[in-house]
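Throughout, read-outs are computed from the coordinates displayed, never taken from laboratory work. None of the values given here were measured: they were computed from a predicted structure. All Cβ positions, glycine included, derive from the backbone under ideal geometry; neighbour counts span all protein chains shown.
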Amino acid sequence: MATTMTKAQIGLTGNSAIAYAMKQINPDVCPAYPITPSTAVVEEFSSYVADGKVDTEFITVESEHSAMSACIGASAAGARVMTATSSQGLALMWEMLYIASGMRLPIVLTDVNRALSAPINIHCDHSDSMGARDSGWIQIYSETVQEAYDNLFQAVRIAENEKVLLPVMVCLDGFITSHAIENISLIDDDDIRQFIGEYKAQHPLLDTDHPVTYGAMTLPDTYIEFKRQQSEAITRAKDVVSEIGKEFGKRFGREYGLMEEYKLDDAEAVIVILSSAAGTTKVAVDELRKAGKKVGILKPRLFRPFPFKEIADALKNVKAVAVLDRADSMSGFGGPLFNEVRSALYELEKRPKVVSRIFGLGGRDYMVKDAVHVFDELLKIVETGKVETLTKYITI
Amino acid sequence: MAEKKNLPIGGIITEGGTAHEYATGGWRKLRPVLDKEKCTNCLICWVMCPDSAIVVQDGKMIGFDMDHCKGCGICAEECPDKVKAINMDEEKD
């Protein structure tokens, strides 16, 4: 696992860090079917199971559809359940993702983001998790290995919070974060145990003294009420994510919010971007700041539920915004993040100009120069007040 | 079902045996009619009924639970050829 260890830091790949976090969480059940680039999560975690380092019941299944089905069964039975997947694996889980959220089961899934076929591609983009954005799962995006590691513990708390009770997806970038070694700080096992606590399901199927039915049919007289109930729960999740991010900061020194603002205070031109590419963009911001340009970044961490108000508030004084999507929703009108950010800004009296840039699909490199180029375009919009190209692909 | 505002979370049903309270007889188009003279109380209908709607008392078939019988006709079909004690009649509106 370890490759280097200095000053209480340890060099881990994203996948190793996730597997290690799962070992520390010690879930009751882990049904999984390995798929690139998340394979090492399942592989390393299964070693922990085989070596007796965890008490987890590891279920090898014949597909991701079965993996999520087993997660649902185990979670309804009252177990703390985790799994990991990528791309086609997440796509094959589709049907069951909605059932997990509709039944309000606090399953935690790591999605190592990878492009969807066709054409087949194993590298990073967000089309897998973005496709699952309406499945009722909470989605948290991680920029670094450290964030992915920290997010997983918080995900357990968020999912199991009684105001929420919804499944959570922790996303990190395939290969870029999953396979890159980064020095991270690990948290002690005891501290993790205290932080996540014990999971007590409200209505476990295995409590035969109090029999319950999961998955009953609801007709037009009740279905919409259950969906409204679910919608209210995911809306409430926003504050829970904030509270738990703050508590995590108090305990372990790394505080998390709904988003990260980087040099945003006086920024006129801003890139909104998820996950690892935000790191690349920070380098561009630092360079442009040296040249006196007022540029900044907004990196949403929570994508589901979408923090509309907070995003609008963060961007209210900005003049031009480029939303960079590592996925195309094939609507002919930009990426999914663009559409939601733009919609969030509609409530503002004075709105910034907002453009969509789709980048890095199928693992195409997104370089500092790409970010600089986008900022150049934005600064021109600030100057002229005119948008030449509303939506386009970059890094091509 | 409970009050809509107090619906259990995630559509679960928080107790067992609730199917008993849910009358499904209204779905019926055909109604089973028993000819007691012919019935031999073999109870094949009781075994085969998918809705547990055959009422048996002291080992004898005494009729149907019309709140739950959906009128599928399996009882009439399965009643032995030599007996044919159950007929499916058109349900009046």
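Checking every one of the GluC sites (Glu not before Pro) in the range B:16-82 against DSSP loop status and a limit of 11 other Cβ atoms within 10 Å picks out B:Glu37.
Here the contact order of the range A:260-393, divided by its residue count and restricted to Cα pairs under 8 Å and six or more residues apart, works out to 28 percent. Of all the options A:Leu152, A:Leu219, A:Leu205, the one that moves most in a Gaussian network model of chain A with Cα springs shorter than 10 angstrom is A:Leu219.
Taking amide hydrogens as placed 1.01 Å from N in the peptide plane, the amide H of B:Phe64 sits under 5 Å from those of B:Val55, each at least 5 positions away in sequence or on another chain. Rounded to the nearest whole Hz, the Karplus-based 3J(HN,Hα) values (6.51 cos²θ - 1.76 cosθ + 1.60, θ = phi - 60°) of the range A:183-192 follow the sequence 6, 10, 9, 8, 9, 4, 3, 5, 5, 5, with x at glycine and proline. May I ask what percent, to the nearest 5, of DSSP beta bridges between residues of the protein assembly as shown are antiparallel? Antiparallel: roughly 40 percent of the beta bridges in the protein assembly as shown.
Could you work out which residue, out of A:His179, A:His65, A:His373, moves most in a Gaussian network model of chain A, that is, has the largest mean-square fluctuation with Cα springs under 10 Å? Of A:His179, A:His65, A:His373, the most mobile in the Gaussian network model is A:His373. Relative contact order for the range A:5-252 using alpha-carbon pairs under 8 Å, separation at least 6, rounded to a whole percent? It rounds to 23 percent for the range A:5-252. Shape analysis of the range A:179-236 based on the Cα gyration tensor places the equivalent ellipsoid semi-axes at 37, 20, 11 Å, largest first. The angle between the Cα long axis of helix A:336-345 and the main principal axis of chain A comes to about 70°, on a 0 to 90 degree scale.
Taking a quarter of the surface of the Cα convex hull of the range A:81-135 gives a mean projected area of 3.5 nm². Neighbouring Cβ atoms from other chains, within 10 Å of the Cβ of residues in A:223-236, number 2 on average.
Checking the Cα-Cα distances for A:Lys53/A:Lys299; A:Lys238/A:Lys263; A:Lys53/A:Lys163; A:Lys53/A:Lys246; A:Lys282/A:Lys309 against a 28 Å cut-off, the pairs over it are A:Lys53/A:Lys299; A:Lys53/A:Lys163; A:Lys53/A:Lys246.
Taking packing as the residue-averaged number of other Cβ atoms within 10 angstrom, the listed peptides A:22-29, A:141-148, A:232-239 run from highest to lowest as A:141-148, A:22-29, A:232-239. Spelling out what I want: for every residue of the range A:209-218, take phi, set θ = phi - 60°, compute 6.51 cos²θ - 1.76 cosθ + 1.60 (Karplus), and round to whole Hz; glycine and proline get x. Karplus values, whole Hz, x for Gly and Pro: 6, 10, x, 10, 10, 9, x, 5, 6, 10. Rounded to the nearest 500, the 222 nm mean residue ellipticity of chain A from helices alone is -13000 deg cm²/dmol, with -39,500 (n - 2.57) taken per DSSP H run of at least 4 residues.
The H on the amide N of A:Ile59, modeled in the peptide plane, is under 5 Å from the matching H of A:Cys30, A:Ala32, each at least 5 residues off or on a different chain.
Placing pseudo-labels 7 Å out from each Cα toward the beta carbon at B:Tyr22 and A:His373 gives an inter-label distance of 5.8 nm.
A viscosity of 1.002 mPa s and a temperature of 20 °C, combined with the Kirkwood radius over C-alpha pairs in the Stokes-Einstein formula, give the range A:39-194 a diffusion coefficient of 135 µm²/s. Calculated FRET efficiency, A:Lys350 to A:Lys227, Cβ-Cβ distance, R0 = 25 Å: about 0.10 to the nearest 0.05.
Partner shielding of A:195-205 amounts to 1, given as the average count of beta-carbon atoms from other chains within 10 Å of each residue beta-carbon.
Spacing of the modelled spin labels on B:Lys60 and A:Asp239, each 7 Å from Cα toward Cβ, amounts to 6.6 nm. Beyond 20 Å, the tail of the calculated P(r) for the range A:135-293 holds 63 percent of the Cα pairs. By the Stokes-Einstein formula, at 1.306 mPa s and 10 °C, the range A:260-393 with its Kirkwood radius over alpha-carbon pairs has D equal to 110 µm²/s. If each Cα of the protein assembly as shown is one equal point scatterer, what is log10 of I(q)/I(0) from the Debye formula at q = 0.07, 0.09 Å⁻¹? Computed log10 I(q)/I(0) values: -0.47, -0.69. Given q = 0.22 Å⁻¹, what are the Debye log10 I(q)/I(0) values for the range B:25-90, with equal point scatterers placed on the Cα positions and solvent ignored? Reported log10 I(q)/I(0), two decimals: -0.85.
Per the Debye formula on identical point scatterers at the alpha carbon atoms of the range A:5-116, with no solvent, log10 I(q)/I(0) at q = 0.20 Å⁻¹ is -1.01.
Relative contact order for chain B: 35 percent, from Cα pairs under 8 Å spaced at least 6 residues apart, divided by residue count. Legend: mean number of C-beta atoms from other chains within 10 angstrom of residue C-beta atoms, peptide B:9-21, equals 6. Taken one residue at a time, the phi angles of the range A:143-152 give Karplus couplings (6.51, -1.76, 1.60, θ = phi - 60°) of 7, 10, 4, 4, 5, 4, 4, 5, 5, 5 Hz. Gly and Pro are set to x. Left without a cysteine partner by the 4.7 Å Cβ rule in chain B: B:Cys39, B:Cys42, B:Cys49, B:Cys69, B:Cys72, B:Cys79.
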